[in-house]
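Take a look at the structure below.
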Protein chains: 2
Amino acid sequence: MAKKHNKLGIEFDKQTETNQWYTDVINKSNLIEYTKVSGCYVLRPRSQFMWDRIRDYMDKIIREKGVKNTSFPLLIPESNLTKEEDHVEGFAPEVAWVTHGGSSKLAERLAIRPTSETIMYPAFSKWVRSYTDLPLKINQWCSVVRWEFKNPTPFLRGREFHWQEGHTAFATRKDADEEAMDILINLYKKTYDDILAVPTLVGKKSDKEKFAGAEYSLSCEAFLPIGKAIQGCTSHHLGQGFAKAFDISFQDQNQETQLVHQNSWGLSTRVIGVIIMMHSDNKGLVIPPRLAENKVIIVPILKKGDNTELIEFTNKLKLDLKEFDAVADLREGISPGFKFSEAELHGYPIRVEVGMRELEEGNLTLVRRDTLEKVTVSIDDVKSNIPTMLDDIHNNLYAKANDFLKSSIVEEYSDLDKISECVKEGKIVKTYFKNNAATDELIKDLTTGKTLNIPFDETLPEGAICPFTKEPATDIVYVARSL
Amino acid sequence: MAKKHNKLGIEFDKQTETNQWYTDVINKSNLIEYTKVSGCYVLRPRSQFMWDRIRDYMDKIIREKGVKNTSFPLLIPESNLTKEEDHVEGFAPEVAWVTHGGSSKLAERLAIRPTSETIMYPAFSKWVRSYTDLPLKINQWCSVVRWEFKNPTPFLRGREFHWQEGHTAFATRKDADEEAMDILINLYKKTYDDILAVPTLVGKKSDKEKFAGAEYSLSCEAFLPIGKAIQGCTSHHLGQGFAKAFDISFQDQNQETQLVHQNSWGLSTRVIGVIIMMHSDNKGLVIPPRLAENKVIIVPILKKGDNTELIEFTNKLKLDLKEFDAVADLREGISPGFKFSEAELHGYPIRVEVGMRELEEGNLTLVRRDTLEKVTVSIDDVKSNIPTMLDDIHNNLYAKANDFLKSSIVEEYSDLDKISECVKEGKIVKTYFKNNAATDELIKDLTTGKTLNIPFDETLPEGAICPFTKEPATDIVYVARSL
């Protein structure tokens, strides 16, 4: 920590002191408050606003896909949770259990939902009778609790987090397969691209890394500037395992009884952690403009003496920029430089600076948060310039992240030392892979990384050998360090 | 049960078999699914849609009032819950307790929030330092759990329910008082009037009936056609009790330390139960039009033989009525009469009936769900007629409920027999009242009713005597049977 510290600004370096930097950013920009319960955080208004906007954006797409919102109970009887073997094995170790109501002991323990398959599917069993009841497509926005014992981190790994979970049932495997992919690309990747300004690698998780109870899981993986990947969301094809366990069957067109084919898919408040890790810098928060509540902050350069004219102008401009929810920093006795730093810390996408001399010249200065570039524009043009500048910021954030992602991918299919070295250096290695749990373990041992996912539409050459097991490869896979 | 029963329709009478009627309506119109846990229900898509629209409508008003959304943790440490004496006394008997995470016993039990004062106010204590930090106004949309042992009923009394809870802190008592009233009138009563089509009596709860930990509670009370009142929502002034318990203090303009003055206010999914009880009838659900997902259902009168022209017309009309999210019932082999009954059961505000003969004449029949009145309109005028008809339905539902409410109020200030008789008959008695817990108990004993609330802006005549205690009255109050 060689640089000069300023307690009001960020005191740590993103690349070399990532954890402290992250904590400093989310605290000083008022995104999070802590509670007495480890891993349970308060989403303060600025982060809740982001989540509400992500929800609005996604909910519209979800509804257009014919998926209906519902609310299933928070509490799941233990006997439900244990019905599907793989599922309970995956989730039981981190379930928060309710044992008492008031002073009475409950006859059966209730799990706070870690995910809702086992409370939803008994209802699915009642609702689905005939092929005409299919597809059944529901979603809910809620929070879930997973009592993890690993180091909790706000947004990225919490014991309670908010998400949407979609649950769908189809008459055919083909319909389910298609939907799992459609959700991945046209809901999740699209949200990452259009709103979060985060490019992602889409693909299939390895068998070891799939969801507990799934036949396969698809994912979006983001790659952070610190050279680590993070799983951004997942879309699972559940096959017929849950349908069997919960008896979700229907009469097909030939009057024969069939089990449904199911998917479940979720995206959580983790995405807020992803955008902070991706876009923010040593000056503080950088918010993708489409998630910023106040897209513009106006800072008038107040001098000693009479500032009436400048303050009046600022208030008028703020009103004029209402559609961008502009705010103005009119505090007295605080230097413009301090206000600029604070605006950067809080991540307003555009800062408008205006002093009396500029005002007399009919000009203003616009400062972009992403690049900190300044441009002088005529007062008359400010309003019309802002939408373009906001789009530019979004596009620049995306392009920067995408350039980094693309330049980080190294293809190495055989040399294990080189693979290991590249992973250690913070690259993503595209390589061959024999898809089973043993290989995943081997990768963790031999490199400091893990498998991210298996890209679609890649052809494995004949005779390809998995560099980890030295056995015939089954897939091409991305390997990298992971957050 | 003298009338002929039809298993597909509602089998009970609203006035004489209210409980069975209610259960029949919410089940057959697909609003609710039950789970293995008593008192925990599934909000199916049709009821979730209503709640989502109520949320949209209210959230806009809440944000316009400068209240910001947040998410506080679901789980509250026991030591937080017990900090404010009155509060814990009120809620502890119905708390669901989490005692284990995975297989580990927790060091301290965690309550699933029954309401969030005791998890929010430690954060308020951190956030409020100076008068410039006030007012602090936050809200959250979430579910809460109250492990009641009384008879649970979907929407009306559940162990888990969804709500919004606003929590605000002010520098002065006056500001807090004004906000508590503003929320009651300009948020809650307005929502009841504008969206739910339910008139309400606004007023102050008796001391006995106020929120645990509040200085006073304001409420909206609805009066159901079955002659029973139901509390619709509450806005509490908390005084400084929580501020003291959680040390929420600030430096005022004179550098003196003061405690904040607080409010909390909530409206829950109970409102869905209220609108069902208020508007629905023996044919099924009647939804206030502003809460209906599909405002129009088109039922073509299909005949044996070729229906191509009629089906084409129906599909075209459905598209034309897209802004009303019109649906069409094109099922074959089902009689028009059956379809009409089903449309009534599900509560579509407007049904469009069209047969070939009408089509040739250029006419359609519109049937209003509230009155079942039919009008014939020219095909060209259908689209332009619908918005007015939807408003008419809303206004008619409101007027009907309001006429009933107004005609149910009886003023009787002294004759205890008459008060008791009127309450038993399903009237609301406006009377004098000595406001303390003993009187409330006496009212329960002497009548079959309870106090609803104390209307605002009423002047108690000098020398007024409480008919229950025969002591000097302190207030005018509404008394009625209550759901």
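The values are calculated or read from the model by the stated rules, or taken from the named source; none is laboratory data. Fair warning: this is a prediction, and the values are worked out from it, not measured in the lab. When we count neighbours, we look across all protein chains shown, and the Cβ atoms used for this are built from the backbone with ideal geometry, even at glycine. We work out accessible area using only protein heavy atoms, side chains counted, and drop any ligands, DNA or RNA first. Shrake-Rupley method; radii C 1.70, N 1.55, O 1.52, S 1.80 Å.
Quick notes
- Taking the listed residues B:SER38, B:SER71, B:SER29, the one that is on the phi < 0 side of the Ramachandran plot, among the small types (Gly, Ala, Ser) and modelled with pLDDT under 95 is B:SER38, with no other qualifying.
- Residue ID - nearest to the chain's Cα centre (by Cα), chosen from residues in region A:287-308 that are under 15 Å from A:MET50 (Cα atoms) and surrounded by fewer than 23 Cβ atoms within 10 Å (Cβ to Cβ): A:ARG290
- Selection count where residues are buried (at least 20 other Cβ atoms within 10 Å of the Cβ), in a loop (DSSP other than H, G, I, E, B) and of a type outside the set (Gly, Ala, Ser), scope region A:432-452: 3
- Of the candidates A:VAL477, A:VAL429, A:VAL410, the single residue that is surrounded by fewer than 21 Cβ atoms within 10 Å (Cβ to Cβ), of a type outside the set (Phe, Trp, Tyr) and assigned to a strand (DSSP E or B) is A:VAL410.
- Within the option set B:VAL42, B:VAL98, B:VAL25, being within 30 Å of A:SER47 (Cβ to Cβ) and either in a helix (DSSP H, G or I) or under 23 Å from the mean Cα position of the chain (by Cα) (or both) holds for one residue only, B:VAL42.
- Criterion: closer than 26 Å to A:ASP281 by Cα and open to solvent by 20 Å² or more (accessible area, probe 1.4 Å) - qualifying residue of A:ARG368, A:ARG351, A:ARG357: A:ARG368
- Scanning region A:382-397 for residues that are over 19 Å from A:GLU344 (Cα atoms) and open to solvent by less than 70 Å² (accessible area, probe 1.4 Å) yields A:VAL382, A:ASN385, A:PRO387.
- Region B:309-336, residues that are open to solvent by less than 40 Å² (accessible area, probe 1.4 Å) and outside any strand (DSSP E or B): B:LEU310, B:PHE313, B:THR314, B:LEU317, B:LEU321, B:PHE324, B:ALA326, B:ASP329, B:PRO336
- Some residue of region A:168-178 being within 14 Å of chain B (Cβ to nearest Cβ), in contact (Cβ under 8 Å) with a residue 24 or more places away in the chain and either assigned to a strand (DSSP E or B) or open to solvent by less than 10 Å² (accessible area, probe 1.4 Å) (or both): yes
- Filter result for the condition that a residue is of a type in the set (Ser, Thr, Tyr) and under 27 Å from A:LEU390 (Cα atoms), over A:THR153, A:THR168, A:THR200: A:THR200
- Per the conditions (1) at the interface with chain A (Cβ under 7 Å from one of its Cβ atoms); (2) under 17 Å from B:GLY266 (Cβ atoms), the sole criterion not satisfied by B:VAL98 is (2).
- Cβ separations smaller than 9 Å between residues 6+ apart or across chains give the following pairs from region B:39-55 residues that are under 17 Å from A:ARG63 (Cβ atoms) and facing chain A (nearest Cβ under 7 Å) to residues that are open to solvent by 10 Å² or more (accessible area, probe 1.4 Å) and in a helix (DSSP H, G or I): B:LEU43/B:TRP51; B:ARG44/A:TRP127; B:ASP52/A:ASP59.
- Answer residue from region A:23-38, given it is of a type outside the set (S, T, N, Q) and more than 9 Å from every other protein chain (Cβ to nearest Cβ) and is most open to solvent (accessible area, probe 1.4 Å) among those: A:LYS28
- Search result, residues across region A:180-192 that are within 17 Å of A:ASP457 (Cα to Cα) and crowded, with 23+ Cβ neighbours inside 10 Å: A:ALA180, A:LEU184
- Tally, over region A:121-164, of residues that are at pLDDT 95 or above, more than 11 Å from chain B (Cβ to nearest Cβ), in a loop (DSSP other than H, G, I, E, B) and open to solvent by 30 Å² or more (accessible area, probe 1.4 Å): 2
- One residue alone among B:ILE248, B:ILE195 is of a type in the set (Val, Ile, Thr) and touching a Ser or Thr at 6+ places or on another chain (Cβ under 9 Å), and that residue is B:ILE248.
- Looking across region B:204-221, the residues that are on the phi < 0 side of the Ramachandran plot and open to solvent by less than 20 Å² (accessible area, probe 1.4 Å) come down to B:LYS205, B:SER206, B:ALA214, B:SER217, B:LEU218, B:SER219, B:CYS220, B:GLU221.
- The residues listed here are B:LYS339, B:LYS383; of these, the one that is outside any strand (DSSP E or B), touching a Lys or Arg at 6+ places or on another chain (Cβ under 8 Å) and in contact (Cβ under 8 Å) with a residue 24 or more places away in the chain is B:LYS339.
- Qualifying residue in region A:56-75 (condition: more than 23 Å from B:HIS162 (Cα to Cα), without any contact (Cβ under 8 Å) to a residue 60 or more places away in the chain and more than 11 Å from chain B (Cβ to nearest Cβ)): yes
- So B:ARG109, is it under 19 Å from B:SER264 (Cα atoms) and not hydroxyl-bearing (Ser, Thr, Tyr): no
- Residues being farther than 27 Å from A:TYR41 by Cα and surrounded by fewer than 17 Cβ atoms within 10 Å (Cβ to Cβ) are represented in region A:107-119 by at least one member.
- Every pair of residues 6+ apart whose Cβ atoms lie under 9 Å, when the first sits in region A:422-443 and is farther than 15 Å from A:SER482 by Cβ while the second is of a type in the set (Ser, Thr, Tyr) and surrounded by fewer than 16 Cβ atoms within 10 Å (Cβ to Cβ): A:THR431/A:SER414; A:TYR432/A:SER414
- The number of residues in region B:87-106 that are surrounded by fewer than 15 Cβ atoms within 10 Å (Cβ to Cβ), of a type outside the set (Ser, Thr, Tyr) and modelled with pLDDT under 95 comes to 1.
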